[in-house]
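The values are calculated or read from the model by the stated rules, or taken from the named source; none is laboratory data. From a predicted model like this one, the values you see are computed outputs, not experimental measurements. All Cβ positions, even for glycine, are placed from backbone atoms using ideal geometry, and neighbour counts span all protein chains on display.
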Amino acid sequence: MKTKRERFLVYLITTGNVPYIWGGQDVKTGLDCSGLAQLALDELNLDPPGDQTAEALRAELLKRGAKKVTAEEADLGDLVFYGNGKATHVTIALGERLALGANGGGRECTSAAIARAKGAKVKVHNIGYRQDLMTILRPAGLEW
């Protein structure tokens with residue numbers, strides 16, 4: 001039988017290649033970065049109520065006792081925030097300095113056709129793929 005950690009990783013893998021859609025919150029129609037992060041947290045029963053932007057999610061996790069970790073310490077389920085002074089993007093750490101994120105689109109990415117044309121989708125990348133890495137948070141209550 002798979003552990004909760006293994007089941008969570010399998011769940012995350014199923015979101016790969018889902019189109020990036022601005023404001024998206026559904027794996028069937030598309031996800032944006034915070035929509036993906038909230039789905040992941042919901043799978044772990046750690047999602048704060050309401051629709052959250054990356055910055056609101058960062059602030060709420062800190063309020064709930066999330067622990068700051070380094071890129072080297074980042075493990076499955078940690079949230080990686082990017083931005084300058086305010087979080088504008090969030091991804092989910094996988095470990096080994098890798099993260100899963102919904103990106104490549106932007107506000108104009110409102111359909112699967114636009115997402116395909118831009119190559120905007122949920123994909124794995126290195127945690128340091130952006131220059132504006134702000135913080136990595138381990139949600140309070142993460143079981144591993």
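Name the single residue that is surrounded by the fewest Cβ atoms within 10 Å (Cβ to Cβ) among those in the range 77-126 being of a type in the set (Lys, Arg) and under 23 Å from residue 29 (Cβ atoms).
107
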**Request:** Kindly list, by first and then second residue, each pair from a residue in the range 112-137 that is farther than 18 Å from residue 37 by Cβ to a residue that is acidic (Asp, Glu), limited to pairs with Cβ atoms under 9 Å and residues at least 6 apart or on different chains.
**Result:** 114/108; 118/108
**Item:** Hits in the range 46-73 - residues which are free of Cβ contacts under 8 Å to residues at least 24 places away in the same chain and surrounded by fewer than 13 Cβ atoms within 10 Å (Cβ to Cβ)
**Value:** 49, 50, 63
**Message:** I'd like to know if the range 13-32 contains one or more residues that are in contact with a strand residue (DSSP E or B) (Cβ under 6 Å, 6 or more places away or on another chain), in contact (Cβ under 8 Å) with a residue 60 or more places away in the chain, of a type in the set (A, V, I, L, M) and within 14 Å of residue 76 (Cβ to Cβ).
**Reply:** no
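Hey, could you check the range 1-45 for residues that are assigned to a loop (DSSP other than H, G, I, E, B) and touching a Leu at 6+ places or on another chain (Cβ under 6 Å) and say which is farthest from residue 125 (Cα to Cα)?
Going through the qualifying residues, I end up with 24.
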**Complete set of residues in the range 78-105 that are touching a Lys or Arg at 6+ places or on another chain (Cβ under 6 Å) and assigned to a strand (DSSP E or B)** = 81, 82, 87
**Prompt:** Can residue 62 be described as over 13 Å from the mean Cα position of the chain (by Cα) and either modelled with pLDDT of 95 or more or part of a strand (DSSP E or B) (or both)?
**Reply:** yes
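Hey, among the residues in the range 14-26 that are surrounded by fewer than 13 Cβ atoms within 10 Å (Cβ to Cβ) and out of contact with any helix residue (DSSP H, G or I) (no Cβ under 8 Å at 6 or more places or on another chain), which one's farthest from residue 110 (Cα to Cα)?
Among them, the one singled out is 14.
What do you reckon, is residue 108 not in a helix (DSSP H, G or I) and not aliphatic (A, V, I, L, M)?
yes
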